[in-house]
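Colleague: Pasting in a structure now, in structure tokens, and then I'll have a few things to ask.
Throughout, read-outs are computed from the coordinates displayed, never taken from laboratory work. None of these values were measured; they are calculated from a predicted model. Cβ: placed from backbone, ideal geometry, glycine included. Neighbour counts: every protein chain shown.
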Amino acid sequence: MTNEAPQSNESPLKRRREELGLTQRDIGQTLGKTDQTISNWETGIYEPKMTPREFKRLCEVLQWSLDDIPEDFGPSALG
């Protein structure tokens, strides 16, 4: 991940996805989820519910370690 300060109220999932040039559909297809589900995660409408296999795959596709995973995928309430 980059050391740049996150923009206020921006989803860390969306930021990372865009850094890697991925679409919501790309992430959704990788996990067997719809792009609308990924959008809901990014906007904070829903919290992700994933199997360990799906979670591992998400880490792989986003090139995140467990330490890189944010506490919440939705936008920051601190913005």
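Colleague: Test of understanding: in a Gaussian network model of the chain with alpha carbons linked when under 10 Å, which of 67, 35, 26 would top the mean-square fluctuation ranking?
Modeller: 67
Colleague: Next up: Given [x] 12.6; [y] 12.3; [z] 15.6, which label gives Kirkwood radius over Cα pairs in Å as computed from the coordinates?
Modeller: Only one option fits the structure, namely [x].
Colleague: Related question: For segment 12-68, with only Lys/Arg (+1) and Asp/Glu (-1) charged at the beta-carbon, what is the dipole magnitude about the Cα centre, in debye rounded to 20?
Modeller: With Lys and Arg at +1 and Asp and Glu at -1, about 160 debye.
Colleague: Taking +1 at the Cβ of each Lys and Arg and -1 at the Cβ of each Asp and Glu, which of 52, 22, 41 sits farthest along the dipole of the chain towards its positive end, judged by Cα position relative to the Cα centre?
Modeller: 52
Colleague: Per residue of segment 9-24, in order, report the coupling 6.51 cos²θ - 1.76 cosθ + 1.60 (Karplus, θ = phi - 60°) as ³J(HN,Hα) in whole Hz, putting x for Gly and Pro.
Modeller: 6, 10, 5, x, 5, 5, 4, 5, 4, 5, 4, 8, x, 9, 9, 4
Colleague: Related question: How much length would be gained if the chain were fully extended between residue 34 and residue 46, taking 0.36 nm per residue of separation minus their Cα-Cα distance, in nm to one decimal?
Modeller: Stretched fully, the residue 34-residue 46 segment lengthens by 3.0 nm.
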